[in-house]
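Structure record follows, encoded as structure tokens.
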């Protein structure tokens, strides 16, 4: 089932500038900076305040990318969690799959039409 808020996103106009602000100015730790598709496309930039569990994603959403969940919930078994949520009548927008940036990903829609992300991390992360 759901175990924690894994991360939240902040939409940024310039990912490099935002990364420098959060790491150099605010002192966040850079966990990941990887492409999310084509080389000139957005990157998955993940930062965390020292000692924190919930991460912040510095996300740039150009027109070709769909809506990004404003927060993502961690699960201990993403496939089974999605099946259980569907049994409860929750609409699963994206079925569980390994994302381009690594890690398992799915998304659901809440009662108000908001996209909520679901993720499952590897045990070694």
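Which of the residues spanning region 21-35 are surrounded by 12 or more Cβ atoms within 10 Å (Cβ to Cβ) and over 14 Å from residue 101 (Cβ atoms)? Passing the criteria: 21, 22, 23, 28, 29, 30.
Candidates are the residues of region 5-19 that are at pLDDT 85 or above and loosely packed, with under 13 Cβ neighbours inside 10 Å; the one that is nearest to the chain's Cα centre (by Cα) is 14. When you scan region 63-73, do you find a residue that is part of a loop (DSSP other than H, G, I, E, B) and modelled with pLDDT of 90 or more, even just one? For region 63-73, residues part of a loop (DSSP other than H, G, I, E, B) and modelled with pLDDT of 90 or more: absent.
The values are calculated or read from the model by the stated rules, or taken from the named source; none is laboratory data. Only a predicted model underlies this, so the values are computations on that prediction, with no experimental measurement involved. Here the Cβ is made from the backbone with ideal geometry for all residues, glycine too, and neighbour counts use every protein chain on show.
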